[in-house]
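What follows is a single structure, written as structure tokens, with notes after it.
Taken together, the values in this text are just the output of simple stated rules run on the coordinates, not laboratory data. Keep in mind it's a predicted model, so treat the numbers as computed, not measured. Virtual Cβ from ideal backbone geometry, glycine too; neighbours counted across all protein chains shown.
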Amino acid sequence: MFKGLMAAAFGLSALAGMAMADEPTKLVTIVTEENPQTQLMAMVLTMQAAQKGAVPHVMLCGPAGDIALKQAPETATAPQPPKGMSPQGLMTKIMGLPGAKVEVCAIYLPARGQGPEILLDGITVAKPGAMAMSVLEADASLNF
């Protein structure tokens with residue numbers, strides 16, 4: 001968890017340095033952790049960056065993909081202290097931001113043996129090539 005939060009802090013500090021650019025910075029957040037506190041913290045940092053002008057692009061992989069489900073496990077929907085927000089709740093707020101994108105990784109649904117109909121409306125499946133390009137864009141910051 002600490003490693004993931006440190007990477008997120010690095011991504012936000014890089015974002016702060018680029019905040020003076022004319023174009024909005026893109027923040028690519030990749031969440032793989034099953035721990036709901038780690039998932040929520042990734043969403044908190046993503047929302048904070050968005051409030052500072054970043055355009056969020058979230059990709060959920062492995063156990064973190066479960067927060068994208070219409071019938072998500074309780075760990076994704078249960079309120080967390082101190083603000084009573086859940087990983088899925090904050091993710092859906094992020095989805096409503098201008099230009100925001102939330103995706104599950106390309107292997108998430110095949111690994112479950114299910115299709116995109118199990119995902120919340122507005123969540124799509126990432127295309128590996130397009131995701132790679134998002135990560136490589138000059139104005140992108142990464143948040144793991």
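For the peptides 88-95, 32-39, 133-140, what is the packing order when you average, over each peptide's residues, the other Cβ atoms within 10 Å and list the highest mean first?
Taking the mean over residues of other Cβ atoms within 10 Å, the ranking is 88-95, 32-39, 133-140.
Go through the stretch 111-121 residue by residue and turn each phi into a ³J(HN,Hα) via Karplus (6.51, -1.76, 1.60, θ = phi - 60°); whole Hz please, and just put x for glycine and proline.
5, 8, x, 10, x, x, 5, 7, 8, 4, 4
When every alpha-carbon pair in the stretch 16-144 is counted, what percent end up more than 23 Å apart?
The answer is 27 percent, as a whole percent.
Count the net charge of all other residues whose Cβ sits under 15 Å from the Cβ of Cys105, scoring Lys and Arg as +1 and Asp and Glu as -1.
Numbers: positive: Lys101, Arg112, Lys127; negative: Glu33, Glu34, Asp66, Glu103.
The answer is -1.
How do the peptides 115-127, 68-80, 96-108, 41-53 rank, highest first, by the average count of neighbouring beta carbon atoms within 10 Å per residue?
41-53, 96-108, 68-80, 115-127
Restricting attention to the alpha-carbon atoms of the stretch 80-144, what are Rg (one decimal) and Dmax (integer), both in Å?
13.9, 38
Quick query: amide H of Lys26 versus all other amide H atoms, modeled in the peptide plane; which residues come in under 5 Å with a sequence gap of 5 or more or a different chain?
Those qualifying (amide H under 5 Å, at least 5 residues apart or on another chain) are Val55, Ala140, Ser141.
Would you mind checking which residues have amide H under 5 Å from Val104's amide H? H placed 1.01 Å from N; only 5 or more apart, or other chain.
Hits under the 5 Å cutoff: Leu60, Thr124, Val125, Ala126.
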